């Protein structure tokens with residue numbers, strides 16, 4: 001148990017984190033922040049209860065974090081690289097009206113780490129998430145994803161659109177938007193795609209494994225500096241822990257080693273298709289990788305779309321959890 005007290009001008013706050021291991025498969029983590037004013041009134045500002053467990057599906061074993069009442073509307077949120085499902089932990093207090101399910105993607109967090117590169121094609125990873133939903137008995141749900149999670153949720157919406165109630169995409173290429181991809185590429189090529197250097201590095205066979213083993217903390221911290229705000233240290237520590245799990249360098253690199261095939265399939269299969277699912281694009285406008293030009297032409301790809309631009313970088317979920325959570329909640333309740 002951890003407790004911290006911070007003094008303010010007119011009040012002081014108490015922050016508690018309680019971690020309870022019930023058994024080897026279930027972990028409960030509680031964050032509580034209490035503010036006590038000069039008038040001695042007590043206000044519970046934030047309570048964040050998470051149930052973490054592993055579930056077995058026909059597609060393998062996956063770790064999930066769940067928040068909120070299971071009677072509430074379901075919301076599945078997918079993380080990106082190099083994060084885990086923990087990236088949503090500080091967002092979920094602003095999504096209390098929903099039953100939030102945050103899986104660790106295949107090859108990341110505490111989920112399976114198969115080395116078969118074909119399993120890291122994004123349509124295959126989309127099927128992983130449907131298998132998790134099936135195991136939980138959830139037929140229809142709201143769906144959101146950041147970074148690679150944002151690509152996977154788009155794949156899911158094309159695969160089984162009737163199962164997705166509303167869609168949220170955060171800082172990711174729109175896979176059926178040729179106009180935006182061309183506009184972004186014309187700008188990024190002038191910079192020699194400098195901001196995407198790590199994608200080329202990770203796609204090279206065996207090189208990341210040779211250079212990164214034993215240097216996982218340096219690697220994670222390099223990308224976890226934040227732009228609008230620092231990325232919380234508790235999140236960074238979780239990302240480091242998971243990146244040190246054997247095979248992780250290979251399995252996360254497989255996300256990029258399949259990128260060429262993904263792009264080719266997206267162009268051949270999805271270009272020109274329109275998604276009719278109500279969709280929200282949340283974009284951190286300070287992102288040097290997923291730049292604003294990727295959104296150009298979005299209205300031709302989604303029949304019902306709204307854009308929320310936030311003053312954050314690529315890792316907007318970690319940088320601006322309140323703003324992201326509030327934007328998602330407002331969209332889903334609208």
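The values are calculated or read from the model by the stated rules, or taken from the named source; none is laboratory data. Remember, it's a predicted structure, so these values are computed and weren't measured experimentally. Here the Cβ positions follow ideal geometry from the backbone for every residue, glycine too, while neighbour counts run over all protein chains shown.
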Considering only residues that are farther than 21 Å from residue 99 by Cα and surrounded by 23 or more Cβ atoms within 10 Å (Cβ to Cβ), which ones fall in segment 123-140? 125
On the given criteria, is residue 97 assigned to a loop (DSSP other than H, G, I, E, B), more than 15 Å from the chain's Cα centre (by Cα), touching a residue at least 12 places away in the same chain (Cβ under 8 Å) and closer than 14 Å to residue 329 by Cα? yes
Is it fair to say residue 56 is modelled with pLDDT of 95 or more, more than 23 Å from residue 154 (Cβ to Cβ), part of a strand (DSSP E or B) and more than 20 Å from the chain's Cα centre (by Cα)? yes
Does residue 152 satisfy the condition of being buried (at least 16 other Cβ atoms within 10 Å of the Cβ), closer than 30 Å to residue 276 by Cβ and in contact with a helix residue (DSSP H, G or I) (Cβ under 9 Å, 6 or more places away or on another chain)? yes
Tell me whether segment 291-308 contains one or more residues that are under 19 Å from residue 104 (Cα atoms), assigned to a helix (DSSP H, G or I) and over 17 Å from the mean Cα position of the chain (by Cα). no
Looking only at segment 193-207, decide whether some residue is under 30 Å from residue 276 (Cα atoms) and part of a helix (DSSP H, G or I). no
When segment 59-80 is checked residue by residue, the ones that are in contact (Cβ under 8 Å) with a residue 60 or more places away in the chain and assigned to a loop (DSSP other than H, G, I, E, B) are 59, 73, 79, 80
Among (1) buried (at least 21 other Cβ atoms within 10 Å of the Cβ); (2) farther than 25 Å from residue 166 by Cβ, where does residue 281 come up short? (2)
Filter segment 309-334 for residues that are over 17 Å from the mean Cα position of the chain (by Cα) and assigned to a loop (DSSP other than H, G, I, E, B); which is surrounded by the fewest Cβ atoms within 10 Å (Cβ to Cβ)? 334
Among the candidates 165, 143, single out the residue that is in contact with a strand residue (DSSP E or B) (Cβ under 7 Å, 6 or more places away or on another chain), closer than 23 Å to residue 126 by Cβ and surrounded by fewer than 19 Cβ atoms within 10 Å (Cβ to Cβ). 165
What tally of residues in segment 228-238 results from selecting those that are buried (at least 19 other Cβ atoms within 10 Å of the Cβ) and more than 15 Å from the chain's Cα centre (by Cα)? 0
From the list 275, 245, 290, 281, exactly one residue is under 25 Å from residue 120 (Cα atoms), in contact with a helix residue (DSSP H, G or I) (Cβ under 6 Å, 6 or more places away or on another chain) and modelled with pLDDT of 95 or more. Which is it? 275
If residue 252 meets every condition in (1) farther than 21 Å from residue 220 by Cα; (2) assigned to a helix (DSSP H, G or I) apart from one, which number is that one? (1)
Odd one out for residue 226, checked against (1) at pLDDT 95 or above; (2) more than 15 Å from residue 81 (Cβ to Cβ); (3) touching a helix residue (DSSP H, G or I) at 6+ places or on another chain (Cβ under 9 Å): (1)
Pick from segment 208-229, criterion outside any helix (DSSP H, G or I) and without any contact (Cβ under 8 Å) to a residue 12 or more places away in the chain, ranking: nearest to residue 291 (Cα to Cα): 225
Test of understanding: among 182, 119, which residue is assigned to a helix (DSSP H, G or I) and closer than 22 Å to residue 295 by Cβ? 182
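Considering only segment 95-109, state which residues are crowded, with 19+ Cβ neighbours inside 10 Å and within 27 Å of residue 71 (Cβ to Cβ).
Within segment 95-109, 95, 98, 99, 100, 101, 102, 103, 104, 105, 109 qualify.
Which members of segment 148-179 meet the condition of being closer than 25 Å to residue 333 by Cβ and in a loop (DSSP other than H, G, I, E, B)?
Start the filter on segment 148-179 by keeping residues that are closer than 25 Å to residue 333 by Cβ, which leaves 149-150, 152-154, 156-157, 160-172, 174.
160, 171, 172, 174 - these are the residues of segment 148-179 that are closer than 25 Å to residue 333 by Cβ and in a loop (DSSP other than H, G, I, E, B).
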